[in-house]
Amino acid sequence: MGEPMNTTDTMTEVSPATPGEETNDAAETEASTTDSSAEDSRDEPCAELPLATRIEALLISTDRQLSEARLAELLGVTGKGSAKVIRDAVAELNEHYESTGRSFRAERLAGGWQLLTESAFGPLLQRLHQERQNTRLSQAALETLAIIAYRQPIMRAEIEAIRGVACGEVLRGLMERRLVKITGRAEELGRPMLYGTTADFLRVFGLAGLDDLPNVKDLRPAKPAAPEAKADSSADEPDESPVEGASHEAAEPDAEMQPESATEKTSDA
């Protein structure tokens with residue numbers, strides 16, 4: 001009889017894994033899968049730059065909130081861990097802003113991220129927005145402001161005579177915006193107030209002075225001709241006085257032509 005086969009020589013002994021080793025292997029596999037899927041999956045623009053810097057560029061360039069999903073899509077970050085990758089990068093940005101004393105930070109609003117200024121700067125920003133509001137004028141306010149700018153100092157009654165409507169409310173609005181001010185009182189019955197423009201008016205409209213207003217000469221009223229000058233010119237040329245007199249008395253061109261035609265007939269005779 002042959003010798004019995006030694007199974008220990010032909011079979012490989014495999015020792016069973018302990019429960020702790022199985023858990024560690026599964027965790028490492030899942031972590032490696034998440035990390036690889038959460039990184040840039042394709043050749044993205046500016047991929048060589050830090051992720052936090054690219055997120056900052058996107059948030060600066062828009063006045064709307066960008067969700068984590070939208071940021072991940074724009075940056076090419078894919079996988080189940082993409083949202084966490086974005087959140088960690090935003091947190092890194094805020095830590096940098098806080099450590100460097102910046103006036104803004106990334107805030108989560110309406111399901112997205114947006115760069116907002118710190119609340120401590122509220123009064124300063126309110127002044128800026130108030131100046132922007134001052135430039136939004138209604139058509140009535142613009143017309144009234146133009147009249148004051150070109151005719152100042154001017155009374156309220158003169159403004160209303162030009163526009164044909166009451167302008168008390170419009171004047172108050174212009175004064176609240178510091179575009180118009182009271183410059184004095186007129187030497188008339190009741191001494192009504194005179195209105196003019198302010199330095200803020202020049203600054204808002206980008207003018208160095210009132211002389212920079214467009215078409216100033218065209219909008220100024222023409223000076224009436226002096227009657228003495230016309231009388232002197234007619235005395236110097238007595239031969240043309242009948243024609244001149246006819247032209248002043250009648251505005252129709254036929255009245256001027258009749259004396260000339262009569263003279264021509266006399267000379268022919």
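Brief remarks on what is shown
Each row is one residue, and each column tells you yes or no for (1) modelled with pLDDT of 90 or more; (2) surrounded by fewer than 17 Cβ atoms within 10 Å (Cβ to Cβ); (3) in contact with a Cys (Cβ under 9 Å, 6 or more places away or on another chain); (4) in a helix (DSSP H, G or I).
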{"position": "Thr33", "(1), (2), (3), (4)": "no, yes, no, yes"}
{"position": "Ala57", "(1), (2), (3), (4)": "yes, yes, yes, yes"}
{"position": "Ala72", "(1), (2), (3), (4)": "yes, no, no, yes"}
{"position": "Ala91", "(1), (2), (3), (4)": "yes, yes, no, yes"}
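- Test for Ala140: is it within 19 Å of Lys181 (Cα to Cα), of a type in the set (A, V, I, L, M) and either surrounded by 16 or more Cβ atoms within 10 Å (Cβ to Cβ) or in contact with a Pro (Cβ under 8 Å, 6 or more places away or on another chain) (or both): no
- In the condition set (1) within 19 Å of Thr53 (Cβ to Cβ); (2) touching a strand residue (DSSP E or B) at 6+ places or on another chain (Cβ under 7 Å); (3) part of a helix (DSSP H, G or I), Glu107 is compliant with all but (3).
- Unique match (being basic (Lys, Arg) and either surrounded by 15 or more Cβ atoms within 10 Å (Cβ to Cβ) or in contact (Cβ under 8 Å) with a residue 12 or more places away in the chain (or both)) among Arg191, Arg177: Arg177
- Count of residues meeting criterion [assigned to a helix (DSSP H, G or I) and in contact with a helix residue (DSSP H, G or I) (Cβ under 9 Å, 6 or more places away or on another chain)] in the range 122-168: 20
- Candidates Gln114, Gln139, Gln126: the one that is in contact (Cβ under 8 Å) with a residue 40 or more places away in the chain, out of contact with any Phe, Trp or Tyr (no Cβ under 6 Å at 6 or more places or on another chain) and not β-branched (Val, Ile, Thr) is Gln114.
- Checked against (1) under 18 Å from Glu176 (Cα atoms); (2) more than 26 Å from the chain's Cα centre (by Cα), Ile148 passes all but condition (2).
- From the list Gly111, Gly76, Gly101, the one residue that fits, being surrounded by fewer than 16 Cβ atoms within 10 Å (Cβ to Cβ), outside the structural domain of Leu194 (by TED's automatic domain parsing), of a type outside the set (Val, Ile, Thr) and out of contact with any helix residue (DSSP H, G or I) (no Cβ under 9 Å at 6 or more places or on another chain), is Gly101.
- For the range 169-186, the candidate set comprises residues that are charged (D, E, K, R) and part of a helix (DSSP H, G or I); within that set, the residue that is farthest from Asp200 (Cα to Cα) is Glu169.
The values are calculated or read from the model by the stated rules, or taken from the named source; none is laboratory data. Note that the structure is a prediction, hence the values are computed from the model and not measured. Reconstructed Cβ throughout: ideal geometry from the backbone, glycine too, with neighbour counts over all protein chains shown.
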